[in-house]
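These notes are about the structure you will find just below.
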Amino acid sequence: MTGGQRILKNIASVLGSEALVKLVSFLVTLYIARRLGSASLGKLSFALSFVAIFSVLADLGISRLTTRDLARDRDSLLRFVPGAFALKAALALGTVVLLAAGSFFLGKEPETHVYVLILLAWLFFDTLNLFFRSVFTALEEMEYAGLLKAFEKLLFFLLFGAVLLLPLGDRRLLGIVILYPLASLATTLLGVQLLGLKRVRLGLRPDPETWRFLLARSWPFAGSLILASVYLYADTIMLSYMKGDAVTGLYNAAYKLFITLYSLQAMLAEVFFPTFSRLFAEDRPAFRVFGRRVARVLFGLTVPLATGAIVLAPAGVDLIYGGEYAGAVTSFRILGLDLVLRAGLTLAGAVLLVSDREQRFMSAIGMGALLNLALNFLLIPVYSLNGAAIATVASEALVLLLMGLWTLRIEALPWLQAFLLPLLASAGMAIILRFVPADHLMVSIAAGLASYALLLVLIGGLRRQDIDFLRRSVPRRGGGN
């Protein structure tokens, strides 16, 4: 199998599972928002954010280190994975115990406290599943990583359907929360079986020497994850305390739309990272060619997506959530800008990580986290959920600026052109969308896609060599590897 074929196979594998993950997550959010109300959505969002912001303590960068190092040395699979798994299990258990004790000091109502305790069980199994996926990602066997994601969400969705049929009354949200650890536990058992197919035998026996080695190498990843969690989840937690559950629900309705749009980009980043790591170490010219293609793909997708989100936000929010969520439109438009910023972060961050500049990566994330906290404190009291959205975009812009400056000293890839041409085509698309009736969202989306694709071709943003590369990568009937 050629490198291009492997990449396309990985994209297809992850795309299917990622689509299922985002669809199920979005449908659950939509049900809670429409049937249980913004206050219930705010309570669940707070509980999930509280658990997620501390979940990095259960990982400490082990998963990201696993992806990078195994991608470079796949022969170390049998000796590397068992010790790393045991360390992950120990970290997860310690984190759960600490958070369970600390949850009594949250100052939240008993209902929310119960949600937090239940989700701590989900945290334990979820961090093990993250490790399993990191192993298969490093091996560029995305079909297994995708299977784990798809299995968990499909099981969750089936159980979710059963919960909707039960006469739970006021405890329906509690029933939904319980599904998180149940689906995650089943996925953990599946992950153990999949690694067993590769003759990896997992256990919980302490291995101090391996643990010290892993922690000594993973701490920059851990620091970056901890700091990133601050500006990913602090806004929800601070909104909950400052403005209450209803406003938190509105913000997370907007954020869920943003994350759903971002999912394709996140999927591509997951697929491309192992190849980035391998090529940087083995073939620097091929790395540059691959980097340029990835840049054109990422910006070619995210710039029009952000433009469409900003232009069509009122109609989209009204169609999906209903008129009572009109207050989330401005926040969603602000967050739409972050789609473009995250494309740049994906590229710059990958260069720093594959070149062993984890400390630079962590420093940039740290500066962004500090700015995010400061802006949230200043803006949320005045601008409510819109202030939280502004804080998110501003902090990620700072992180991109810092990472971009540092990557120039490593590999000056020509990413500016990859951004400018989609931007020009998207500007033309935005003008065309202004003439489409606002109450015809599907027509607007179709017109936007068609106009953007046409404009991108006319200005030369779609290159023949990229099309030829994809064509050569597709397996031909009767062809060899």
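A few comments on the model shown:
- Any hit, the stretch 175-198, residues being surrounded by fewer than 16 Cβ atoms within 10 Å (Cβ to Cβ) and in contact with a Gly (Cβ under 9 Å, 6 or more places away or on another chain): no
- Listed by first and then second residue, the pairs linking a residue in the stretch 367-380 that is touching a residue at least 24 places away in the same chain (Cβ under 8 Å) to a residue that is basic (Lys, Arg) and surrounded by fewer than 23 Cβ atoms within 10 Å (Cβ to Cβ), with Cβ atoms under 9 Å apart and 6 or more places separating them unless they lie on different chains, are Ile380/Lys243.
Yes or no, residue by residue, for (1) in a helix (DSSP H, G or I); (2) more than 30 Å from Leu370 (Cβ to Cβ):
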| site | (1), (2) |
| --- | --- |
| Val135 | yes, yes |
| Tyr144 | yes, yes |
| Leu147 | yes, yes |
| Leu159 | yes, yes |
| Lys198 | no, yes |
| Arg205 | no, yes |
| Thr210 | yes, yes |
| Leu225 | yes, no |
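- Residue within the stretch 116-138 that is in contact with an Asp or Glu (Cβ under 8 Å, 6 or more places away or on another chain), surrounded by 19 or more Cβ atoms within 10 Å (Cβ to Cβ), over 18 Å from Ala52 (Cα atoms) and aliphatic (A, V, I, L, M) present: yes
- Leading residue by the ranking (nearest to Val114 (Cα to Cα)) among those in the stretch 193-214 that are among the aliphatic types (A, V, I, L, M) and touching a residue at least 24 places away in the same chain (Cβ under 8 Å): Leu204
- Residue, nearest to Leu128 (Cα to Cα), within the stretch 49-94, restricted to residues that are crowded, with 20+ Cβ neighbours inside 10 Å and modelled with pLDDT under 75: Phe80
- Conditions (1) modelled with pLDDT under 90; (2) closer than 17 Å to Leu339 by Cβ; (3) out of contact with any Lys or Arg (no Cβ under 7 Å at 6 or more places or on another chain); number of the one not met by Asp439: (2)
- If you filter the stretch 321-345 down to residues that are part of a helix (DSSP H, G or I) and at pLDDT below 85, you find that the one that is surrounded by the most Cβ atoms within 10 Å (Cβ to Cβ) is Glu324.
- Contacts under 6 angstrom Cβ, first residue in the stretch 269-289 being within 16 Å of Leu65 (Cβ to Cβ) and aliphatic (A, V, I, L, M), partner modelled with pLDDT under 80 and in a helix (DSSP H, G or I), 6 or more apart: Ala281/Arg72
- Verdict on Leu423 being surrounded by 14 or more Cβ atoms within 10 Å (Cβ to Cβ), at pLDDT 90 or above, of a type outside the set (Phe, Trp, Tyr) and under 17 Å from Arg292 (Cα atoms): yes
- Condition check for Ala350: among the hydrophobic types (A, V, I, L, M, F, W, C), surrounded by fewer than 21 Cβ atoms within 10 Å (Cβ to Cβ) and assigned to a helix (DSSP H, G or I): no
- Checking Val382 against (1) among the aliphatic types (A, V, I, L, M); (2) surrounded by 17 or more Cβ atoms within 10 Å (Cβ to Cβ); (3) under 29 Å from Asp245 (Cβ atoms), the condition it does not meet: (2)
- Note on the stretch 36-48: among residues that are buried (at least 23 other Cβ atoms within 10 Å of the Cβ) and of a type in the set (S, T, N, Q), the one that is nearest to Lys108 (Cα to Cα) is Ser45.
- Residues in the stretch 203-225 that are of a type in the set (A, V, I, L, M, F, W, C) and either modelled with pLDDT under 75 or surrounded by fewer than 17 Cβ atoms within 10 Å (Cβ to Cβ) (or both): Leu204, Phe213, Leu215, Ala216, Trp219, Phe221, Ala222, Leu225.
Let's see how each residue does on (1) out of contact with any Ser or Thr (no Cβ under 8 Å at 6 or more places or on another chain); (2) in a helix (DSSP H, G or I); (3) acidic (Asp, Glu); (4) under 21 Å from Leu173 (Cβ atoms):
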position	(1), (2), (3), (4)
Pro82	yes, yes, no, no
Gly94	yes, yes, no, no
Leu99	yes, yes, no, yes
His113	no, yes, no, yes
Leu128	no, yes, no, no
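- Residue within the stretch 398-417 that is under 30 Å from Ala369 (Cα atoms), of a type in the set (Phe, Trp, Tyr), crowded, with 20+ Cβ neighbours inside 10 Å and modelled with pLDDT under 90 present: yes
- Filtered residue count, the stretch 123-162, keeping only those that are aliphatic (A, V, I, L, M), over 16 Å from Gly191 (Cα atoms) and out of contact with any Leu (no Cβ under 7 Å at 6 or more places or on another chain): 2
The values are calculated or read from the model by the stated rules, or taken from the named source; none is laboratory data. Since we're looking at a predicted model, the values are computed, not measured. Cβ sites come from the backbone with ideal geometry, for glycine too, and all protein chains shown count toward neighbours.
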